[in-house]
Amino acid sequence: MTAAASAPPDQPTPLRETPAATAAGEYRSARQRLGQRSLAAQRIPIARPQELEQRRNPVSSTDVSPSAVPLATDRLVLRLHEPSDAPWLLSVFSRPDVAAYLRDEPWTAELARTKSTDRIQRSGLDRPSRTLALIIEHEGAPVGEVLLWYTDHERGVAEIGWVLDPAQGGKGFASEAVRAVLDLAFNTPGMHRVAAQMDARNAASARLAERVGMRREAHLRQNCWSKGEWIDTVAFSMLATDHR
Ligand SMILES: CC(C)(COP(=O)(O)OP(=O)(O)OC[C@H]1O[C@@H](n2cnc3c(N)ncnc32)[C@H](O)[C@@H]1OP(=O)(O)O)[C@@H](O)C(=O)NCCC(=O)NCCS
């Protein structure tokens, strides 16, 4: 969620993102400064042809084709958002139990329309939003959603988030959908890391992250100001080298 412009707005916003964003900015500044020094003063590493190609095309090398969706799993179809999903989004995100550990308060009808329009525009990692927002369908009806978005497109670093209709919980639907999106992520050339972070009280979400093979890597104490209080965040990740 480092890139505020592309960060899905329903997830908690840990404060640790700000230093990360600053560090990325400092790195770019340092590289620009290096470019202004004389060549003789620089140590120039020898790059392999593949590395040279990635450096020439840092953006296109990490793109995923929009034709990658819809995705099909044993029981589910994951497809892009449509205007007709707005009532379903309202029915789920207006529930206090669903909103409990998300950034937003329970949605109103007006907010659901705005969020639906926003999600329709989040139609691919290769689009300006750098986000893939997918509806999870079971037997032709929406049951949840999964979002995947770049936090550092150039370096292939992304984040994933998920929500399931509570009426459809406890059947493994969210796990099945998240596994499919992780497969898509790591089949995207250049994808290096996918992170997930959640309110530390959100035990169901943490179990899901573990179930799909993400590694628990941090418990951050009171790093996020959410709904009038400091909350702890737990962080998970999967690296390309973890993904099988
Ligand atoms: C987080 C959330 C998606 C998890 O939902 P879930 O129903 O627990 O997840 P799944 O659909 O993968 O189902 C897994 C559960 O079904 C059980 N299950 C039954 N059949 C299964 C199957 N075929 N495969 C896998 N699990 C199965 C599992 O044992 C598991 O239960 P457990 O966690 O009690 O052991 C859901 O709680 C949610 O949407 N919460 C609100 C929104 C939210 O907080 N999102 C996260 C923001 S960071």
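Descriptive notes on the structure:
- Paired Rg and Dmax values of the stretch 70-239, which use every Cα atom, in angstrom: 15.3, 41
- Residues whose placed amide H lies under 5 Å from that of TRP107, excluding near-sequence neighbours: SER94, ARG95
- For the peptides 90-99, 159-168, the ranking by packing is 159-168, 90-99, with the highest mean count of neighbouring Cβ atoms within 10 Å listed first.
- Placed amide H near CYS224: partners under 5 Å, 5+ positions off or other chain: LEU15, ILE231
- Between THR114 and GLN222, the FRET efficiency from the beta-carbon distance, with R0 = 25 Å, is close to 0.25.
- Amide H contacts under 5 Å for THR151, placed H, 5+ residues apart: VAL157, ALA158, GLU159
- Per residue, the average separation of C-alpha pairs within less than 8 Å and at least 6 apart gives the stretch 70-239 a relative contact order of 17 percent.
Every number here is computed from the coordinates shown, using simple stated rules; none is lab data. Computed from a predicted structure; not experimentally measured. Note that we place each Cβ from the backbone using ideal geometry, even for glycine, and neighbour counts take in every protein chain shown.
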